[in-house]
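Participant: Take a look at this one; I'll ask things after.
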Amino acid sequence: MGTREHEIYDIVGIGFGPSNLSLAIALEEHQSNTSDQPVTSVFFERQAAFGWHRNMLLPQATMQISFLKDLATFRNPVSRYSFVSYLHASDRLVQFVNNQDFFPTRQEFHQYLEWAESHFSDRVTYNAEVTGVRLARDAGTGPEQCLQVEVRDTVSGATRSVLARNVAVSTGLVPRMPTGMERDERVWHSSEFLAKYGRMDPAELNHVAVVGAGQSAAEITKFLHDMLPHAQVSAVLPSYGYSVADDTPFANQVFDPAAVDHYYYGTETTRDAFWRYHKNTNYSVVDDDVIRELFRRAYEEEVAGEQRLRFLNLTRVKEVKRSGNDTRVVLHSLLDGETEQEMDVDALVFATGYSTMDATALLGELDRHCLRDEQGRHRVERDYRVVTDEDLSCGIYLQGGTEHTHGLTSSLLSNIAVRSGEIAESVLRRRPSPTAARGEA
Ligand code: FDA
Ligand code: NAP
């Protein structure tokens, strides 16, 4: 899409994953209910087209939230952008109900997201990486102040900028490798799994290993076991086997919109309790059916006397030695804290999780106007707006990276419909009146 150079957009979205897609929907639905001046918005996405963790779209992998926790329903149950609307438009609503499953496959949910995105393509530029945000030159401190968002075309390398009263930073989770481990064509992080796996000749993969005990690790282990019937598959687990993701009704309440208030307005003790008791709803845990399936496979192999799926419990990777196509992994056993063994593999997958979004680098110089708590983390208002000093009146909204203030849903889909609605409302509420923006008394 084309952006207008001198226009000051009410909000510029950085990244166009589910969070900012949900924000685009919230802004549009607000507009259709009011005669207010339209909220102007544009979004920039560095990928070539819409894609939601494409490298983990493994066959049969299912969603970890109900289909009703889609882009809009919890904010607006009659939204035309709901998952139910998508099913209806795809002529699949009846069969979906007959299937009696709250948890669609990730592939189906991806189709839903693409369908929703197709209604907003006039507001998004792809192959467009935001490289920085700064105060526009000559910007005052009043309502006329605006931000300059720097954008690089990832194909041509050309740069340009757009002006904004607010930005919504939604750049997503950051893949995390263990310290000292480097990725290459044989050593992968789970976030690049399908792309890198697709470049290999499966016949050359005779021994593969997966590091980690979370959902990504378990799904990749199962996938490799399915796809490489000739290969040894080793799961390197820091724990004593996989632990189950608590998906039971009481625990699920930590993802409720109301839990955000309890977390945000709670004390340090409240917040600590959320993490202490309920971290196992999301981190380093695996869905029950996947755990049972992996165990069953290994047991059947044991019975048949042909073990090719192995679980190395309480084991960590100490070192990876690479030479050409050879990959030697040095393993350290936590069983006695001493034993080391070496293992040769044809591919090694680190499913070692993600770090939370951090807007600091993107904000650059602007970050000095953003206030931080005693632990150095951004202070964030309830409406997801970064607390800034009095010299900055523009809004920096965070969709992600707010675990410390808003709790567990920060990096998840569970609450994006409501969160996006809250951000849209905040932008509208704080919008200067047309006369103030023109500097009239
Ligand atoms: P997301 O990461 O999806 O999107 C961010 C976008 O910003 C990306 O498209 C990226 O390319 C773009 N971007 C980054 N930097 C940029 C820049 N400088 N300029 C322009 N664009 C930039 N949660 C859940 O609740 N239920 C679930 O079932 C799952 N399933 C799941 C599967 C897998 C494999 C993973 C890794 C994670 C999940 N999650 C999840 C959690 C996940 O964080 C969540 O599903 C969404 O991806 C969050 O959406 P966002 O839009 O916030 O980030
Ligand atoms: P994760 O839950 O953070 O798990 C990472 C795993 O790697 C943990 O077992 C962790 O162990 C281990 N690990 C980290 N550093 C390590 C190291 N140096 N050496 C050995 N092990 C190490 O990450 P994830 O599995 O990628 O999941 C991330 C998010 O994506 C979650 O929200 C998850 O639910 C979601 N997800 C969803 C789906 C789906 O929808 N189907 C699929 C995949 C992922 P420790 O516990 O010791 O740190």
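Participant: Would a scan of the range 227-250 turn up a residue that is closer than 30 Å to residue 422 by Cα and open to solvent by less than 30 Å² (accessible area, probe 1.4 Å)? Even if it seems obvious, please write down each step before you answer.
Facilitator: Pass one, the range 227-250, residues closer than 30 Å to residue 422 by Cα: 245-250.
Filter once more, keeping what is open to solvent by less than 30 Å² (accessible area, probe 1.4 Å): 245.
Within the range 227-250, one or more residues are closer than 30 Å to residue 422 by Cα and open to solvent by less than 30 Å² (accessible area, probe 1.4 Å).
Participant: Run down 283, 264, 277, 242 and say which single residue is out of contact with any strand residue (DSSP E or B) (no Cβ under 8 Å at 6 or more places or on another chain) and outside any helix (DSSP H, G or I).
Facilitator: Among 283, 264, 277, 242, only 283 is out of contact with any strand residue (DSSP E or B) (no Cβ under 8 Å at 6 or more places or on another chain) and outside any helix (DSSP H, G or I).
Participant: Answer yes if at least one residue in the range 391-400 is in contact with a Gly (Cβ under 7 Å, 6 or more places away or on another chain) and without any contact (Cβ under 8 Å) to a residue 60 or more places away in the chain, and no otherwise.
Facilitator: No, that holds for no residue.
Participant: Which one of the conditions (1) among the polar types (S, T, N, Q); (2) within 16 Å of ligand 1 (Cβ to nearest atom); (3) touching a helix residue (DSSP H, G or I) at 6+ places or on another chain (Cβ under 9 Å); (4) open to solvent by 40 Å² or more (accessible area, probe 1.4 Å) does residue 352 fail to meet, given that it meets all the rest?
Facilitator: (4)
Participant: Follow-up question, since we're still on this one. Can you name the number of the only condition in (1) touching a residue at least 24 places away in the same chain (Cβ under 8 Å); (2) open to solvent by 40 Å² or more (accessible area, probe 1.4 Å); (3) within 16 Å of ligand 2 (Cβ to nearest atom) that residue 179 fails?
Facilitator: Failing condition for residue 179: (1).
Participant: Hey, another quick one. Report whether or not residue 102 is under 24 Å from residue 400 (Cα atoms) and aromatic (Phe, Trp, Tyr). First the steps, then the outcome.
Facilitator: Numbers: under 24 Å from residue 400 (Cα atoms): no; aromatic (Phe, Trp, Tyr): yes.
For residue 102, the condition - under 24 Å from residue 400 (Cα atoms) and aromatic (Phe, Trp, Tyr) - is not met.
Participant: Restricting to the range 228-264, name every residue that is touching a residue at least 24 places away in the same chain (Cβ under 8 Å) and among the aromatic types (Phe, Trp, Tyr).
Facilitator: 240, 242, 255, 263, 264
Participant: Something else: Sort through 140, 157 and tell me the only one that's more than 11 Å from ligand 1 (Cβ to nearest atom) and at pLDDT below 95.
Facilitator: Selected residue: 140, the only one of 140, 157 that is more than 11 Å from ligand 1 (Cβ to nearest atom) and at pLDDT below 95.
Participant: Looking at 156, 161, 216, which is the one that is under 30 Å from residue 24 (Cα atoms), surrounded by fewer than 18 Cβ atoms within 10 Å (Cβ to Cβ) and out of contact with any Pro (no Cβ under 9 Å at 6 or more places or on another chain)?
Facilitator: Matching residue, one of 156, 161, 216: 156.
Participant: Criterion first (charged (D, E, K, R) and under 20 Å from residue 147 (Cα atoms)) does residue 365 satisfy it?
Facilitator: Values: charged (D, E, K, R): yes; under 20 Å from residue 147 (Cα atoms): yes.
Yes: the conditions hold for residue 365.
Participant: Which members of the range 329-344 meet the condition of being outside any strand (DSSP E or B) and either open to solvent by less than 40 Å² (accessible area, probe 1.4 Å) or at positive phi (or both)?
Facilitator: 337
Participant: Of the residues that make up the range 110-118, is at least one in contact with a helix residue (DSSP H, G or I) (Cβ under 9 Å, 6 or more places away or on another chain), within 16 Å of ligand 2 (Cβ to nearest atom) and open to solvent by 20 Å² or more (accessible area, probe 1.4 Å)?
Facilitator: Yes, the range 110-118 contains a residue that is in contact with a helix residue (DSSP H, G or I) (Cβ under 9 Å, 6 or more places away or on another chain), within 16 Å of ligand 2 (Cβ to nearest atom) and open to solvent by 20 Å² or more (accessible area, probe 1.4 Å).
Participant: Could I ask something else about it? Within the range 130-152, how many residues are of a type outside the set (S, T, N, Q), open to solvent by less than 50 Å² (accessible area, probe 1.4 Å) and out of contact with any helix residue (DSSP H, G or I) (no Cβ under 9 Å at 6 or more places or on another chain)?
Facilitator: Adding up the residues that qualify gives 7.
Participant: Still on this model: Just checking, how many residues over the range 370-405 are more than 23 Å from residue 274 (Cβ to Cβ) and assigned to a strand (DSSP E or B)?
Facilitator: Residues meeting the conditions: 4.
The rows are residues; the columns are (1) more than 17 Å from residue 145 (Cα to Cα); (2) more than 23 Å from the chain's Cα centre (by Cα); (3) buried (at least 18 other Cβ atoms within 10 Å of the Cβ); (4) of a type outside the set (S, T, N, Q).
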{"residue": "346", "(1), (2), (3), (4)": "yes, yes, yes, yes"}
{"residue": "359", "(1), (2), (3), (4)": "yes, no, yes, yes"}
{"residue": "369", "(1), (2), (3), (4)": "no, yes, yes, yes"}
{"residue": "378", "(1), (2), (3), (4)": "yes, no, yes, yes"}
{"residue": "392", "(1), (2), (3), (4)": "no, yes, yes, yes"}
{"residue": "399", "(1), (2), (3), (4)": "yes, no, yes, no"}
{"residue": "404", "(1), (2), (3), (4)": "yes, no, no, yes"}
{"residue": "433", "(1), (2), (3), (4)": "no, yes, no, no"}
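Participant: Does residue 48 meet the test of being closer than 30 Å to residue 218 by Cβ, surrounded by fewer than 16 Cβ atoms within 10 Å (Cβ to Cβ) and in contact (Cβ under 8 Å) with a residue 40 or more places away in the chain?
Facilitator: When the stated conditions are applied, residue 48 passes them.
Participant: So, in the range 268-286, of the ones that are of a type in the set (Val, Ile, Thr) and away from ligand 2 (no atom under 15 Å from the Cβ), which residue ends up most open to solvent (accessible area, probe 1.4 Å)?
Facilitator: From the range 268-286, those of a type in the set (Val, Ile, Thr) are 269-270, 281, 285-286; that's our starting set.
Retained after the next criterion (residues that are away from ligand 2 (no atom under 15 Å from the Cβ)): 269-270.
Details: 269: 99, 270: 46 Å².
Restricting to residues being of a type in the set (Val, Ile, Thr) and away from ligand 2 (no atom under 15 Å from the Cβ), the top hit is 269.
Participant: Is it true that some residue in the range 310-328 is at negative phi, modelled with pLDDT of 95 or more and either assigned to a loop (DSSP other than H, G, I, E, B) or not assigned by TED's automatic domain parsing to the domain that holds residue 222 (or both)?
Facilitator: yes
The values are calculated or read from the model by the stated rules, or taken from the named source; none is laboratory data. Model, not experiment: these values are computed from the prediction. Here the Cβ is made from the backbone with ideal geometry for all residues, glycine too, and neighbour counts use every protein chain on show. With ligands, DNA and RNA removed, areas are computed over all heavy atoms of the protein, side chains included. Shrake-Rupley method; radii C 1.70, N 1.55, O 1.52, S 1.80 Å.
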